[in-house]
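**Student:** Please find one structure pasted underneath; my questions will follow.
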Amino acid sequence: MVDPIFQSPNYQLASKLLDVSVLRQEAIASNIANSETPGYRRIDVAPDFATELRSRINAGDMTAATRLEARLTEDSNARSMRPDGNSVQIDSELLQMNRNMVEHDFLSEVISRNIKQLRLAITGRAG
């Protein structure tokens, strides 16, 4: 009974994306902390993660999709506009942080709903 809830594609995908959201928040925090460090290059979740995740989901292979591991890498699209070579743009980081927060909140709600359904099935009460 418990396994079907935690094995559902929506739950698994939300759980994986929640992990990625946490990793992205770490990258944003590092970028903001190093916004004045000469030569620091902006980092983010590797762009190939989203591409690979999408292709595995489209192929219907949720098991392989949930086994994917996101990693942080230097953002090759970030260009330095400063003479010291730092590629962090603080206003862009703050926007990314807000967007990531909204995604994290949404994914947390999806996970919470699944757990609430399990609680309801076990106890017969919603709260």
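Just so you know, all these numbers are worked out from the coordinates, no wet-lab data involved. Computed from a prediction, not measured in an experiment: that's the story for all the values here. FYI the Cβ positions are ideal-geometry reconstructions off the backbone, even for glycines, and counts take in every protein chain you see.
**Student:** As an exercise, identify the GluC sites (Glu not before Pro) in segment 33-90 lying in DSSP coil whose Cβ has no more than 10 other Cβ atoms within 10 Å.
**Tutor:** Passing sites in segment 33-90 are 69.
**Student:** Next question. From the convex hull of the Cα coordinates of the chain, what is the mean projected area in square nanometres?
**Tutor:** 9.1
**Student:** While we're looking at this one, here's another question. Which longest run of the chain has no exposed loop site in it, a site being trypsin sites (Lys or Arg not before Pro) in a DSSP loop with at most 12 other beta carbons within 10 Å, and the site itself not part of the run?
**Tutor:** With trypsin sites (Lys or Arg not before Pro) excluded where exposed in loops, the chain gives 1-70 as its longest stretch.
**Student:** Tell me which DSSP H helices of the chain clear both cut-offs, 27 Å or more of axial length from alpha-carbon atoms and a mean Kyte-Doolittle hydropathy of at least -0.5.
**Tutor:** Going by DSSP H runs, the hits are 9-33, 90-123.
**Student:** Measure out, as a whole number of angstrom, how far apart the alpha-carbon centroids of segment 23-37 and segment 40-72 sit.
**Tutor:** 21
**Student:** Placing +1 at every Lys and Arg Cβ and -1 at every Asp and Glu Cβ, with all other atoms neutral, what dipole size does the chain have around its Cα centre, in debye to the nearest 20?
**Tutor:** Roughly 440 debye, rounded to the nearest 20.
**Student:** Give me 90, 57 sorted ascending by neighbouring Cβ count inside 10 Å, so fewest comes first.
**Tutor:** 90, 57
**Student:** For segment 36-98, list log₁₀ I(q)/I(0) at each q in 0.16, 0.21, 0.25 Å⁻¹, using the Debye formula over Cα point scatterers of equal strength and ignoring solvent, two decimals each.
**Tutor:** Here log10 of I(q) over I(0) equals -0.64, -0.84, -1.00.
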